[in-house]
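Peer 1: One structure, as structure tokens, below. Some questions next.
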Amino acid sequence: MGPAGIKVVSDLLPRIKTENKVDVVIAQAENVSDGKGITQEDFKELRRIGVDFCTGGNWSLFKDEIVPIMVDKNQPIIRPANYPEGTPGLGYKYLETDMGKILVISLLGQIVGRDSEKPTDNPLKVADKILKEEESTKKLTTIVNFHGDFSSEKKVIGYYLDGRVGAVIGDHWHIPTADAMVLPKGTGHITDVGMCGSLDSSLGVRLDVVIGRWLDNKPSRNVLEADGRMQLNAVLIDINETTGLAKSVKQVQVIK
């Protein structure tokens, strides 16, 4: 979430990767640049500090400059796959690794705050379509990022895809849920992985701004919190290289 998010990832990710022998890092990147969307410069910075692939959400296409990279199948960044046909960018791509290809898919919940009235295709059906189309491609595993408001949606899609993908990782709340687990058929899941950025804030926005708006009921512009304690939230997923399913899921929260 904003520059604070990039900074805390830059500070903490190298140590986390080393201590846990991490092979691949996937980051939700729709709020990276000033809280809305992502610039090409910030995308390159995330890649430089160790992020291998970026998934998306409802702010993914906020900055027009990212569209050429979203369209390029060789660039490791995607927007939600269930946007209507004709939306710029790609909703799934492959990440090439030393262990094999990883299929990464982004999906958007059908109720997402201020964007709840915008048209989206059914995420379950879109997931089915992608998995069917890509079933003949040899891959190590498939990772699905589900960006949505309703915990029920996030839970349901996890169980719907259980046994067919390596992990379904929910996000959008900026608040981590305490339910990281391997589902009965072998898919890793968490309802919401949380955010990277300011801890003492309202989802990354300065508290004085949000409280003042709520107290007086007057519109105001969000200002991101740049000071104070910072947080990095993530999950570590151990994938079985034979089955492509999860052996374990471990939640990570580092505060500095």
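Every number in this text was worked out from the coordinates using simple rules, so none of it is lab data. Just so it is clear, the structure is predicted and the values come from calculations on it, not from any experiment. No Cβ is skipped: glycine too gets one built from the backbone with ideal geometry, and neighbour counts run over all protein chains shown.
Peer 1: Just for segment 2-255, what percent of DSSP beta bridges are antiparallel, to the closest 5?
Peer 2: Here the share of antiparallel DSSP bridges comes out near 55 percent.
Peer 1: Positive end of the dipole of segment 2-255, charges at C-beta (+1 Lys, Arg; -1 Asp, Glu), about the Cα centre: which of Gly204, Pro80, Leu215 has its Cα farthest in that direction?
Peer 2: My answer, from the dipole projection, is Pro80.
Peer 1: Taking only DSSP H segments of four or more residues, each worth -39500 (n - 2.57), what value at 222 nm results for the chain once the sum is divided by all its residues, to the nearest 500 deg cm²/dmol?
Peer 2: One gets -7500 deg cm²/dmol as the mean residue ellipticity at 222 nm.
Peer 1: R0 = 30 Å: FRET efficiency of Ser10 with Asp128, Cβ-based, nearest 0.05?
Peer 2: Step by step, r from the Cβ atoms, then E = 0.20.
Peer 1: Rounded to the nearest Å, what's the spacing between the alpha carbon centres of segment 128-197 and segment 1-79? Just the number, please.
Peer 2: 19
Peer 1: Net charge near Ser151, counting Lys/Arg +1 and Asp/Glu -1 over other residues with Cβ under 15 Å of its Cβ?
Peer 2: -3
Peer 1: Using a 10 Å cut-off around each Cβ, can you sort Ser220, Ser136 from fewest to most neighbouring Cβ atoms?
Peer 2: Ser136, Ser220
Peer 1: Something else now. Using label points projected 7 Å from each Cα along Cα→Cβ, tell me how many nm separate Lys250 and Asp200, to one decimal.
Peer 2: Simple spin-label model gives 3.0 nm for this pair.
Peer 1: Show the residues, 5+ positions off or on another chain, whose built amide H is closer than 5 Å to the amide H of Ile169.
Peer 2: Those qualifying (amide H under 5 Å, at least 5 residues apart or on another chain) are Val144, Asn145, Phe146.
Peer 1: GluC sites (Glu not before Pro), restricted to segment 42-92: which are DSSP loop and have at most 16 other Cβ atoms within 10 Å?
Peer 2: Glu85
Peer 1: Where the only charges are on Cβ atoms (+1 Lys, Arg; -1 Asp, Glu), what is the dipole of the chain about its Cα centre, to the nearest 20 debye?
Peer 2: Charge dipole of the chain: 260 debye, to the nearest 20.
Peer 1: Can you give the log10 of the normalised intensity I(q)/I(0) at q = 0.18, 0.19, 0.20 Å⁻¹, computed with Debye over equal Cα scatterers of segment 99-163?
Peer 2: -0.70, -0.76, -0.82
Peer 1: Describe numerically, in nm with one decimal, the distance between label points set 7 Å from Cα along Cα→Cβ at Asp227 and at Lys139.
Peer 2: 4.6
Peer 1: Spelling out what I want: for every residue of segment 132-149, take phi, set θ = phi - 60°, compute 6.51 cos²θ - 1.76 cosθ + 1.60 (Karplus), and round to whole Hz; glycine and proline get x.
Peer 2: 5, 5, 9, 5, 7, 7, 5, 8, 6, 6, 10, 10, 10, 9, 10, 9, x, 8
Peer 1: While we're looking at this one, here's another question. Run through segment 69-136 and list the trypsin sites (Lys or Arg not before Pro) located in a DSSP loop whose Cβ has at most 15 other Cβ atoms within 10 Å.
Peer 2: Those that pass, being in a loop and sparsely packed, are Lys73.
Peer 1: Where does the longest stretch of the chain lie that holds no chymotrypsin sites (Phe, Trp or Tyr not before Pro) found in a DSSP loop with 16 or fewer other Cβ atoms within 10 Å?
Peer 2: My reading of the result: 151-256 is the longest stretch.
Peer 1: Rounded to whole Hz and in sequence order, give me ³J(HN,Hα) for segment 227-242 from the Karplus expression 6.51 cos²θ - 1.76 cosθ + 1.60, θ = phi - 60°, writing x for Gly and Pro.
Peer 2: 10, x, 5, 10, 9, 10, 10, 6, 10, 9, 10, 9, 9, 6, 6, 8
Peer 1: Compute the projected area of the convex hull of the Cα atoms of segment 1-90, averaged over all viewing directions, and report it in nm² to one decimal place.
Peer 2: 5.7
Peer 1: Could I have the simple spin-label model distance between Thr243 and Arg48, label points 7 Å from Cα toward Cβ, reported in nm to one decimal?
Peer 2: Spacing of the two 7 Å Cα→Cβ label points: 4.2 nm.
Peer 1: Counting other Cβ atoms within 10 Å, which trypsin sites (Lys or Arg not before Pro) in segment 173-246 have at most 14 and lie in a DSSP loop?
Peer 2: Answer by residue number: Lys185, Arg221, Arg229.
Peer 1: Kindly express, to the nearest 10 degrees and within the range 0 to 90, the angle between helix 151-160's C-alpha long axis and the longest C-alpha principal axis of the chain.
Peer 2: 10
Peer 1: In whole Hz, what ³J(HN,Hα) sequence does segment 209-217 give by Karplus (6.51, -1.76, 1.60; θ = phi - 60°), x for Gly and Pro?
Peer 2: Coupling constants for segment 209-217: 5, 5, 5, x, 5, 5, 5, 9, 6 Hz.
Peer 1: Follow-up question, since we're still on this one. Which three extents, in whole angstrom, do the alpha-carbon atoms of segment 2-255 cover along their principal axes, largest first?
Peer 2: 55, 42, 35
Peer 1: Using the beta-carbon distance between Asn217 and Met99 and R0 = 35 Å, what value does 1/(1 + (r/R0)^6) give for FRET efficiency, to the nearest 0.05?
Peer 2: 0.05
Peer 1: What ranking do Thr242, Thr191, Thr177, Thr55 get, fewest neighbouring Cβ atoms within 10 angstrom at the top?
Peer 2: Neighbour counts put them in this order, fewest first: Thr242, Thr177, Thr191, Thr55.
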